[in-house]
1. Over every pair of different alpha-carbon atoms in the range 238-348, take the mean of 1/r and invert it; report that Kirkwood radius in Å.
2. For the peptides 173-183, 38-48, what is the packing order when you average, over each peptide's residues, the other Cβ atoms within 10 Å and list the highest mean first?
3. Using only the Cα atoms, work out Rg/Rh for the range 136-260, with Rh taken as the Kirkwood radius, to two decimals.
4. Test of understanding: ordering 122, 262 by Cβ neighbours within 10 Å, fewest first, what list do you get?
5. Could you sort 92-103, 295-306 so that the peptide with the highest average Cβ count within 10 Å comes first and the rest follow in order?
6. Which distance in nm do the two modelled labels at residue 91 and residue 8 give, with both placed 7 Å along the Cα-to-Cβ direction?
7. Quick check: residue separation of residue 117 and residue 105 times 0.36 nm, minus the Cα distance between them. What number comes out in nm?
8. Using a 10 angstrom cutoff on alpha carbons, build the Gaussian network for the chain and name the most mobile of 317, 142, 12.
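Just so it is clear, none of the values below were taken in a lab; they were calculated from the coordinates. Note that the structure is a prediction, hence the values are computed from the model and not measured. Backbone-built Cβ (ideal geometry, glycine too); neighbour counts: all protein chains shown.
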């Protein structure tokens, strides 16, 4: 049985469709990230799951139980969900321990204390029970928020941009720690962000949203290596499009030479475009003074510590390409561009 199922979910705001015909399944103990640009419907979907808004159409099942459709609506407090917000939403007048215990209304005093102690140990805040939120760092406040959300054993955890207010230096350490906590508690989770780096680090599965629908769902590796649309490909990383013709299952012809794919593909159409990412490109010193179709000019260069990153224009499109270790080019240098063998993303016309 899945922890969450959304079927044909739709919601309108002031007559404009925000989510439309959305389907999503979250397996037991799975962390799914709703990833997409601002305005694509991520937070609206999260609110519909939580019961903070009523969907115009469609069904929401949590742990196999229907909680919302055109005839049914279960209030948020009866859906057995936990929520973490962007601003943590801690009560400033309550101690850490009291914040964690806030939702444990059906427990005795002794049971509450035992559960609070368990959660403090889980999030490594045992010595902070009597502190107030303003006495904690941002990362510590986030740990209190996750402890409170998990304290009453929800079957589903919802997280809305939970790491956006955390300093970059400690963000990914915190992401790893909160992922460990959620996995330790064997709770399914739906996580909303616009940051693919956060999504890659935190989620088991990504659901890329576009115009209120799930464009594609899969593991980060699956989506990055085999996007089913240009929208998904572009959202997961910078690249350029090159006109291409399919020659064989593993070879494509472009104006910049033949491109080899590490994986064989079968295509119904043989004309389209390749989406080529920066790490698929290699800059090579010119072997002679004569330029050719593979020659590009260094427009800019940026030192990033271990190497230079160079800006070039390929087929009218700007892209930043990292040089190989030990390579160094100057601005206005002409270089040869080579497309290395990779798992090709080909989109038929």
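1. Working: mean 1/r = 0.0684 Å⁻¹.
The answer is 14.6 Å.
2. Details: 173-183: 16.9, 38-48: 20.5.
Top of the packing list down: 38-48, 173-183.
3. On the way: Rg = 18.9 Å, Rh = 17.0 Å.
With Rh from the inverse mean 1/r over Cα pairs, Rg/Rh is 1.11.
4. Details: 122 18, 262 11.
By the 10 Å Cβ count, ascending, the order reads 262, 122.
5. 92-103, 295-306
6. 4.3 nm
7. On the way: separation 12, 0.36 × 12 = 4.32 nm, distance 1.62 nm.
This chain segment gains 2.7 nm when fully extended.
8. 317
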